[in-house]
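Each value in this text was obtained by applying a stated rule to the coordinates, not by laboratory testing. On a predicted model such as this, the values are computed, not experimentally measured, just so you know. Cβ sites come from the backbone with ideal geometry, for glycine too, and all protein chains shown count toward neighbours.
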Amino acid sequence: AQKVTQAQTEISVVEKEDVTLDCVYETRDTTYYLFWYKQPPSGELVFLIRRNSFDEQNEISGRYSWNFQKSTSSFNFTITASQVVDSAVYFCALIRANFNKFYFGSGTKLNVKP
Amino acid sequence: DGGITQSPKYLFRKEGQNVTLSCEQNLNHDAMYWYRQDPGQGLRLIYYSQIVNDFQKGDIAEGYSVSREKKESFPLTVTSAQKNPTAFYLCAVNPGQGWTGELFFGEGSRLTVL
């Protein structure tokens, strides 16, 4: 069975602090994709990153970075020098190869205070 | 104006009434999805459709119905059989790249049962 766990329900930080959002997944498949989405207060989910199971290279995009470790089944997301605009709910998700069904974690609400 | 349009944005319903949520897309994508979001539970899949005139139940299909008569439209009906329909409903589309594609989401419809 597939499962995505985001143990942090809510995190509060002060602007300019770094923050890491954790994501742990379960699957017996060898080929799968992992995603992070951002849901601002407006409600629409915005795609941030996709990573396939064969690519464990860390990725950096501006203030965002992602750490994928198959050994611990984790795909963590770090925001460096957080800003108030980063306040949102962040979802981690998994999709199995050859299936069109996404499995979402329960989300982590990030509050960045000025 | 391209993308995914969900309507209405807010909807109030009396108990025992059916209500239909609209999802329209002009992205010419094949796969469309309906998710339900409740606080602290992430996104749960209600129904999905990979092609016109075909759809499959997701994890929580009971009390819901869908149709896919046109590629661009995938309406969701919340029936009176749904015991706890108050929630935020999100429609999504997949670019049709199979299991490698990310989901693109509409802005959601918030349903409240009075």
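Brief remarks on what is shown
- Within a straight-line Cα-Cα reach of under 25 Å, B:Lys83 can be paired with the following lysines, leaving aside sequence neighbours fewer than 8 residues apart in one chain: A:Lys101, B:Lys9, B:Lys14, B:Lys57.
- For A:Gly43, net neighbour charge (Lys/Arg +1, Asp/Glu -1) across residues whose Cβ lies under 9 Å away: 0
- Amide hydrogen neighbours beyond the local backbone of B:Asp30, cut-off 5 Å, H modeled: B:Gly96
- Simple Cβ-charge dipole of chain A, Lys/Arg +1 and Asp/Glu -1, about Cα centre, in debye nearest 20: 280 debye
- Cβ-defined net charge surrounding A:Val13, 14 Å radius [Lys, Arg +1; Asp, Glu -1]: -1
- Environment charge of A:Val24, counting only residues whose C-beta is closer than 13 Å and scoring Lys/Arg +1, Asp/Glu -1: 0
- The distance from the alpha carbon centre of the range A:50-72 to that of the range B:1-20 is 37 Å, rounded to a whole number.
- Listed residue (B:Tyr33, B:Gln6, B:Thr112) projecting farthest to the positive dipole end of chain B, Cβ model: B:Thr112
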